[in-house]
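Step one of this worksheet: look at the structure below.
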Amino acid sequence: MSDFVVHKGRLTAGTFARHYGADVIEVHYKHEERTEVMLADGRAGVGTCLGCGSATCMEKQDSELRLFGELDAFPGDPSRDVCPTRAIRWDGKNLVAFVEVADCIGCGLCISRCPYGAINLANGMNATIETTDPDGLAVEGSTKGEHPKVKRSGQIAMLNAPAAANLPVTIGGLEDARTTLLVRNLLNEVGLNARTRRRGDTNMRIDAVGFSRSGRPFVAEIETGAEALDSPRALLEDVAVLHSRYGYAVDEIDPVSIVLSLPNSRSEYYQVIRDIEKVLRLRCRTITIGALIALLWNCVKLEGFDGDVFTVGEGKVDLAVWLGLNGVALDEPYPGAFKPAK
Ligand code: SF4
Ligand code: SF4
């Protein structure tokens, strides 16, 4: 069950306060502008909140929390919240969603989930839910319907937007459970079947599990402070647990550190990763929250953690290049998001 269902009881799932009168086929993000939608009947224009009762901008469906195979038994966080700070809410009077600006960290998750192009990060700071309809796309009157599967393109925001630069501060101010929720939802929205652990479960210490798109499982440790240095050691324990309790062969598992910033290039972190690979033949991967946000903002899916990508054993890496973001990601969102500091 969701720990924060704010809109239920106002509109039921599948009900819309307004509708476009035709399916959306594409949502196109334009940084510093409103999001555009293209409709199946050839009309196009900027999106507006239709007050959809299942509000995918706020809430995940139960089916989205499932994991493939044996790993579905992993004790996952049951929260269906999309927003890591609970900033997106429901205006029951006007039947639209709204954002409590003071609470929004501008991660873009809600933007990437609205199938109607109603949300943008045009100010580079926080999400805005549009309720006006200057192109006259919406038809007044409630209706029922299912969310269309839409193509998403464009760029939610430039990587030098203040929301990206502020991530070390804003994420640093989150409770652990909200940081973990942010990471789970980012992994999901960039295309991975993944789950983070249920808080308070003392029998399980793995922070996250999931699958690359090839079907290969991964275990992850999420560290946003100096503890990143300890995560390769914790990952060894995680691999052992995944092997002994869920039956995956050790050489089939990819261990991943999900960190806020890549450790300094002279850090012991890279030496430990090299030692682990040399002695145990396990290749620890590293990705940053900034890189996950860069993928989300640029509508780029992540294949997963198999292969050479994210193996930063030499302490020399540019995640932007590995992610195929060169040319788009001209700036690091914040120091250490793509490259280790010298
Ligand atoms: S912002 Fe989008 S997903 Fe959220 S309630 Fe409005 S139309 Fe639905
Ligand atoms: S941009 Fe992120 S923090 Fe802001 S309302 Fe949307 S999901 Fe919440």
remark   = Matching residues in the range 169-190 (open to solvent by 40 Å² or more (accessible area, probe 1.4 Å) and at pLDDT below 95) number 4
ask   = residue 63 fails exactly one of the following numbered conditions: (1) at pLDDT 90 or above; (2) open to solvent by less than 10 Å² (accessible area, probe 1.4 Å). What is the number of that condition?
value = (2)
inquiry  = Taking the criterion of being in a loop (DSSP other than H, G, I, E, B), within 16 Å of ligand 1 (Cβ to nearest atom) and surrounded by 24 or more Cβ atoms within 10 Å (Cβ to Cβ), would at least one residue in the range 131-151 satisfy it?
reply    = no
query = With 193, 160 as the choices, which residue is open to solvent by less than 60 Å² (accessible area, probe 1.4 Å) and in contact with a Leu (Cβ under 9 Å, 6 or more places away or on another chain)?
reply = 193
task = For residue 89, indicate whether it is at pLDDT below 95, more than 15 Å from ligand 2 (Cβ to nearest atom) and not assigned by TED's automatic domain parsing to the domain that holds residue 294.
result = no
task = Tell me which of these residue 48 doesn't satisfy, since it passes every other one: (1) assigned to a loop (DSSP other than H, G, I, E, B); (2) away from ligand 2 (no atom under 16 Å from the Cβ); (3) at pLDDT below 95.
result = (3)
Residue, nearest to the chain's Cα centre (by Cα), within the range 109-124, restricted to residues that are more than 13 Å from ligand 1 (Cβ to nearest atom) and open to solvent by less than 20 Å² (accessible area, probe 1.4 Å) = 121
request  = Go through (1) within 22 Å of the chain's Cα centre (by Cα); (2) open to solvent by 20 Å² or more (accessible area, probe 1.4 Å); (3) modelled with pLDDT under 95; (4) more than 16 Å from ligand 1 (Cβ to nearest atom) and name the single condition residue 70 misses.
outcome  = (1)
key: Filter result for residue 306 (more than 24 Å from residue 230 (Cα to Cα), open to solvent by 10 Å² or more (accessible area, probe 1.4 Å) and at pLDDT below 90)   = no
message = in the same structural domain as residue 29 (by TED's automatic domain parsing), surrounded by fewer than 24 Cβ atoms within 10 Å (Cβ to Cβ) and either more than 14 Å from the chain's Cα centre (by Cα) or away from ligand 2 (no atom under 12 Å from the Cβ) (or both): is that true of residue 127 in this structure?
response = no
query = Restricting attention to the range 96-107, does a residue exist that is surrounded by fewer than 18 Cβ atoms within 10 Å (Cβ to Cβ), more than 15 Å from ligand 1 (Cβ to nearest atom), among the aromatic types (Phe, Trp, Tyr) and not assigned by TED's automatic domain parsing to the domain that holds residue 208?
reply = no
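The values are calculated or read from the model by the stated rules, or taken from the named source; none is laboratory data. From a predicted model like this one, the values you see are computed outputs, not experimental measurements. Neighbour counts are summed over all protein chains in view; Cβ atoms, including those assigned to glycine, are modelled from backbone coordinates with ideal geometry. Accessible surface is based on the protein model in full, side chains and every heavy atom, while ligands, DNA and RNA are left aside. Shrake-Rupley method; radii C 1.70, N 1.55, O 1.52, S 1.80 Å.
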